[in-house]
Each structure stands twice: as C-alpha cells, then as structure tokens.
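The values are calculated or read from the model by the stated rules, or taken from the named source; none is laboratory data. Quick caveat: nothing in here was measured; it's all calculated off a predicted structure. In this analysis, Cβ positions are derived from the backbone assuming ideal geometry, glycine residues included, and neighbour counts consider all displayed protein chains.
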Amino acid sequence: MSVRSPAPSAPFPQGSGPEAEASRDDFFLALQTALADEFSIEREFGRGGMGVVYLAREVRLALDGLDATDETNALLSKRAAGA
C-alpha cells in the first residue's frame with residue numbers, strides 16, 4: 001500500500017513561535033485531507049531530527065465499539081508479567 005503525501009508547497013515547517021505553529025497546523029490539516037480516504041490522523045505522536053510521526057488509524061480496519069488500545073495494553077501487561 002502506498003501512502004500519498006499532501007505535497008505541501010514547502011517542506012514541513014520548522015522553528016518555533018506563532019508563525020511556525022500556524023504553518024504546522026496548516027500542514028497537519030493538509031495531511032488529514034490528503035489521507036482522509038485511507039487514514040484518520042488523530043494527532044502528532046512525536047517529533048525529532050528526521051521528521052514527525054503521527055498517530056493514525058486505518059479507516060478500512062476501524063471497528064465500532066472496539067478500543068484496540070485497551071486490548072493491546074492488557075496483552076502487553078500480561079506478557080510483561082510473564083503470563
């Protein structure tokens with residue numbers, strides 16, 4: 001599966017301050033719009049020298065009423081406890 005990028009007019013905005021923050025918001029909205037058919041992008045997950053990571057869910061795999069995070073956390077807790 002290929003992931004389309006929103007092809008912003010400039011690379012991901014760097015720096016700090018209100019102007020950079022507004023640019024990052026615009027980039028985030030453009031990314032959400034470009035990937036809306038395939039992914040639901042919830043929020044920025046992390047940032048580093050090589051780029052930005054977003055928390056996203058694949059739309060076609062979404063299940064109503066199921067919180068995979070809770071189930072995953074329970075499974076990881078069991079494994080960590082040696083069960």
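The table below lists the values:
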item: Filter pass, Ala10 being among the hydrophobic types (A, V, I, L, M, F, W, C) and either at pLDDT 85 or above or part of a helix (DSSP H, G or I) (or both); result: no
item: Selected residue (criterion: modelled with the lowest pLDDT) from residues of the stretch 60-73 that are part of a helix (DSSP H, G or I) and loosely packed, with under 10 Cβ neighbours inside 10 Å; result: Thr69
